[in-house]
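A short reminder: the numbers here are calculations on the coordinates, not readings from a lab. Computed from a predicted model, the values in this text were never measured in an experiment. Cβ coordinates were reconstructed from backbone atoms using ideal geometry, including for glycine residues, and neighbour counts include every protein chain displayed.
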Amino acid sequence: MIKSAYLHIPFCEHICHYCDFNKVFLKGQPVDDYINALDLEMKMTLDQFPTNDLNTIFVGGGTPTSLNEQQIYQFCESINRNLPKHKSVEFTFEANPGDLTMGKLKILKEAGVNRISLGVQTFNEELLKKIGRVHKAKDVYQTIDNAKSLGFENISIDLIFSLPSQTLTDFKETLTEAFSLDITHYSAYSLIIEPKTVFYNLMKKGKLPTPGEDTEAAMYELLMEEMERHGFNQYEISNFSKPGFESIHNLTYWNNESYYGFGAGAHSYLNGLRRSNIGPLKRYLDQINGGSLPVMEEHQTTKVEQMEEEMFLGLRKTAGVSITHFIEKFAVDPLQLFEKEIVELTAKGWLEVGKDHIFLTKKGRLLGNEVFQAFLR
């Protein structure tokens, strides 16, 4: 049964230098038409793949809070009308600290949104400018104060490390600021330079001074140490929370469970069927307005692919992959199926096998991608 839904808002008022997500400048875009198209896509998809109560709804982007108050109101009304929700649903909205006004926060609160995820990235004003962010550190404090004053308790921020010219001291200072916010969840990722981004073009010209692998590894180790010291549990490679505040939505992905993906460029996993939507806005709108779902590609995963995915997604979690759950799901023992890979990775000190779980060691977390690669045959 499908228990999660992701909705994509591709509009941004500014494009960050590192971002390769499906997004467009907000100005002059058919935002109202897009919200109406999302409404139709939800209806059509639920007709084809019905479900009962959803446990999680996640609105990401782009910048969902680049919509104006009326558009946010209409969009939330559409979600609540189309998607059946469990009474204790985790309903997340991504936001930019500079965009999330008190008025928008009130609309989200009234619509049932109960988790806010803020794109902060760093508290260093120089670095914020360098990476193309337009908010200031003070906007973060103000937005979080406003959210708390309205009763939002589940607040997360995203941080990025290994930014151009960033030092270990810079990152330590950002962590100190982050802990002063008194929130429940942090996501922290190392900078990945993707094609078709400003940073990629600068790197090709030799004009992007990145800290290097050793500093990046030192930053990640510092991150893990500081999170633990401040009482945050690392439940996934890049995610840390106070007990009970783990992102249930993101765990859907890492547990290899089904989810809807609505919007231009969104991805779905519907009972073994992986789908990706058309990315360009006009083509997405034309397809839906023509009465068809905006599916660009779909692939029915084989049992072998599902078992590989179960391993490389599940190993992102600190708890790792449950051997019992794997056997219940696939009627195969992962210790036998992946015996060669597990023996080799254990010998390297990257993987450990416990009583019922296969999981990454601390050393393995630093080399996650190499470990995951081993399970793709």
Compute the distance from the alpha-carbon center of the stretch 122-186 to that of the stretch 309-377, in whole Å.
33
Stretched fully, the stretch from LYS138 through LYS363 gains (0.36 nm per residue minus C-alpha distance, one decimal, in nm) 77.4 nm
Give me the percent relative contact order of the chain, please, defined on Cα pairs under 8 angstrom at least 6 residues apart.
16
According to a simple spin-label model (label point 7 Å from Cα along Cα-to-Cβ), what is the distance in nm between GLU177 and LYS303?
5.3
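Which entries in the list LYS242/LYS348; LYS27/LYS130; LYS87/LYS303; LYS129/LYS282; LYS282/LYS317 go over 27 Å, if you measure between the two C-alpha atoms of each? List each step's numbers first, then the result.
Values: LYS242/LYS348 31 Å; LYS27/LYS130 23 Å; LYS87/LYS303 33 Å; LYS129/LYS282 31 Å; LYS282/LYS317 38 Å.
The answer is LYS242/LYS348; LYS87/LYS303; LYS129/LYS282; LYS282/LYS317.
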Tell me, what is the FRET efficiency for GLU110 and GLU228 to the nearest 0.05, using R0 = 35 angstrom and their Cβ-Cβ distance as r?
0.40
I want to check the label-to-label distance for ASN271 and THR101. Put each point 7 Å from Cα in the C-beta direction and report it in nm to one decimal.
4.4
With a 18 Å threshold on alpha-carbon distance, the violating pairs from LYS43/LYS85; LYS106/LYS136; LYS85/LYS109 are LYS106/LYS136
Give the residue from PHE375, GLY364, GLY62 lying farthest towards the positive end of the charge dipole for the chain; charges sit on Cβ (+1 for Lys and Arg, -1 for Asp and Glu) and the dipole is referred to the Cα centre.
GLY62
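For the stretch 303-374, give the magnitude of the charge dipole about the Cα centre (Cβ charges: +1 Lys/Arg, -1 Asp/Glu; no others), in debye to the nearest 20. Working shown, then result.
Numbers: 10 positive and 12 negative charges, 76 e Å.
About 360 debye.
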